[in-house]
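A quick write-up on the structure given underneath.
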C-alpha cells in the first residue's frame, strides 16, 4: 500500500509541476495586465508541437536545439498576442479580455491543426526510459526532468520578480500604471516582457512533459483549464500560490485516480477547487487587498 | 520673456474627450525657482501637470524643457530629460516595500549603482521615518509618510524640475507644515519646483512666484507676496 501511495505521489508531483508552470503563466499575465489569458494552454501545446516538428525526420534538429528554437517561437507568439490582441483592447472589461484570449486560443488551436494535423504526437524521452526504483515504486528519468525543470523555473521567476529592478518594474506597472510611467518605466514594453515570460514558461512546460504525456493540437485546452484552476486554488495573483495550487491539484488528481477511480479524477480535482472557493474565495494563499488611501 | 527658461509652456490646450479643459495656458519657470499654481478644485491644475509630464496629451500648444521640445513625448522618456512628477494622491506602489518604491524612482538611473546608493542614503537622511520603515509595505504607511515616500521617490529620478501635485492633500495641519518645510528646503538646495496647491496660502508663502488658474485659464501671474496681498486673490482663494 505504501509503495502504491508513493507511486501516486510521484505521478501527482509530475503532473502537478506542469499545472504549476501553467498556473504561474496565468499569474504573471494576470498580475501585469489584469488579463486572464486562456491561451496559456496553447503556449504549452505549441512548445511541444513545434519541438517535435523541428526534431522530426532525418534532417531534424537535435532535441535541445529544437526545444530552444520552439521556446523562442512561442515567446514571439506571446508577444504578438499582447501586441495585436490585448494591447488594442486596453481599458476593456475583464470579460471582454477573457473573450479575446479565448478567441486567441481557438485561433492558435486552428493554426496548430492546419500545420500539424489531428494526430497525437510523441516526443523522445530526454535521457532514456530506464526506470529508477524507489522501493516498489518507479519513476522515469523524465519525471525528474519535469520536477527539476519546474523547480528551476519557479526559482528563476521568483528571483526575477523579487530581486531584479526589471521584475519589480513589471510589478509596479500592475500596481499603478501612471506612477510606473512617471518612474520612466516603459509600460508597453513591460507588458510585452510579461507575455513573453509567460509564453516561455508554457512552452517549457510542454516540452518537459510531452515525452510522458504526448500532445496533440487540442492538448492545451485541458492543461489551460487545470492551470487556471490551480492558479485560483492557490489564490489568483500570488505566484507561490500558483505553484502550491498546481502541485496540490496534481497530487489530488493522482491520489483520486489511484485510490478511487481514474474516471473521476478530473471531477474530484474540480470539486476540491469548488470547496476551497466556497470556504476561502480568495484561494489558499490569496491576499485581501488592504490599500490605504 | 527670457528665452533661457527651464520650462516653458506656450499656449497649451488640452481636452478630455470632446471637452476642452485647459485653454491657451502659458507659463515659464526659471532654473532654481519655486513656482506655485493655485486654483480651486477642478481648475485644471492636475491636468496641467499631467500634460507637462506626458501622462496626458495636449491638442495644441508647445512645452519645451531645458531647450528641447517635449510636447506630447511619451511620459517615460520625459522623466529621462529630468522632469519628475509627484502625482496627486501620492500613488505609491502599495504592495512594494518603501525601499523598492524609492529604488523604482531611480529606475532610469539604475545602471549607475554608485549614484543610486549615495542618493538613497541622502533621501533616508532627509526622511528618517522612511529609513525606519524601509522594509515595510508602503501601503501600510500613514498619508504623511506616503507623501514623503512619493517625494523621495521622485527625487531619486534626479530631477532638474520637480512637479508637486497637492502635496498637502489629506494631511493633518502639522504634517502640512512639515511637507512645506521640506519643499522649501529642497528648493533652497537648488531643486526647481512647480507646486500645485489648493492650499493657496501655504503655497504662496513658500513660493517665489505664483500663477492663478481658474477654469482652465491663467488669470493672474505675479510674485507670490503680491498675490498674497492681492484683494481678489485673497477673497477667492485665501478666504479673508
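No value in this document is a laboratory result; all are computed from the given coordinates. All of these numbers come straight from a predicted model, not from anything done at the bench. Here the Cβ is made from the backbone with ideal geometry for all residues, glycine too, and neighbour counts use every protein chain on show.
Of all the options B:86, B:196, B:25, the one that moves most in a Gaussian network model of chain B with Cα springs shorter than 10 angstrom is B:25. Calculate, in nm to one decimal, what residue A:34 and residue A:129 gain on full extension: separation in residues at 0.36 nm each, minus their alpha carbon distance. The residue A:34-residue A:129 span can extend by a further 30.0 nm.
Here's the picture: a label point sits 7 Å out from the Cα of residue A:144 along the beta-carbon direction, and within segment A:205-221 nothing has its amide nitrogen under 11 Å of it. Note: relative contact order over chain A, using C-alpha pairs below 8 Å and six or more positions apart, is 36 percent. In terms of packing, defined here as the mean over residues of other Cβ atoms within 10 angstrom, the peptides A:15-23, B:166-174, A:187-195 line up highest first as A:15-23, A:187-195, B:166-174. Note on residue A:155 and residue A:83: their simple-model spin labels are 3.4 nm apart, each label 7 Å out from Cα toward Cβ. Of the beta bridges in segment B:7-238, as assigned by DSSP with both residues counted there, near 55 percent are antiparallel. Packing, taken as the mean count of other beta carbons within 10 Å per residue, orders the peptides A:263-273, B:211-221 from highest to lowest as B:211-221, A:263-273. Compute log10 of I(q)/I(0) for segment A:149-293 with the Debye formula, placing one identical point scatterer on every Cα and leaving out solvent, at q = 0.20 Å⁻¹, to two decimals. Relative scattering, expressed as log10 I(q)/I(0), comes to -1.33. Between residue A:69 and residue A:240, the FRET efficiency from the beta-carbon distance, with R0 = 30 Å, is close to 0.45.
Cβ crowding within 10 Å ranks A:2, B:93 as A:2, B:93, fewest other Cβ atoms first. When the alpha carbon gyration tensor of segment B:7-238 is reduced to an equivalent ellipsoid, its three semi-axes come out at 28, 21, 16 angstrom, largest first.
Taking every residue in A:183-192, how many Cβ atoms of other protein chains lie within 10 Å of its Cβ, on average?
For peptide A:183-192, the averaged partner shielding equals 5.
Directionally averaged projected area (the protein assembly as shown, Cα convex hull): 29.7 nm². Each Cα pair under 8 Å and six or more residues apart adds its sequence gap; the mean of these over the residue count of chain B is a relative contact order of 27 percent. Among A:201-208, B:29-36, the peptide with the highest mean count of other Cβ atoms within 10 Å heads the list, and the full ranking is A:201-208, B:29-36. Note on B:89-95: average number of Cβ atoms from other chains within 10 Å of each residue's Cβ is 6. Radius of gyration over Kirkwood radius for segment B:109-159, both on Cα atoms: the Rg/Rh ratio is 0.97.
For chain A, the convex hull drawn through the C-alpha positions has a volume of 144 cubic angstrom per residue.
Averaged over the residues of peptide B:164-170, the number of Cβ atoms from other protein chains lying within 10 Å of each residue's Cβ is 0.
Counting neighbouring beta carbons within 10 Å and listing from fewest to most, the residues A:215, B:51, B:71, A:69 come out as A:69, B:71, B:51, A:215. Label segment B:95-137 by shape, choosing from rounded, prolate and oblate, from the square roots a ≥ b ≥ c of the eigenvalues of the Cα gyration tensor; if a/c is under 1.5 it is rounded, and otherwise prolate applies when a/b is larger than b/c, oblate when it is not. Oblate, because a/c is 1.5 or more while a/b does not exceed b/c. What fraction of the DSSP beta bridges in the protein assembly as shown is antiparallel, stated in percent and rounded to the nearest 5? Looking only at bridges with both residues in the protein assembly as shown, the antiparallel portion is about 60 percent. Among B:162, B:130, the order by Cβ neighbours within 10 angstrom, fewest to most, reads B:162, B:130. The spacing between segment A:41-105 and segment A:108-176, judged by their C-alpha centroids, is 14 Å.
Segment B:1-37 and segment B:184-225 have their alpha-carbon centroids 13 Å apart. How far is helix A:94-116 tilted, in degrees, relative to the longest principal axis of the Cα atoms in chain A, given as a value from 0 to 90 rounded to the nearest 10? In chain A, helix A:94-116 runs at an angle near 40 degrees to the longest axis.
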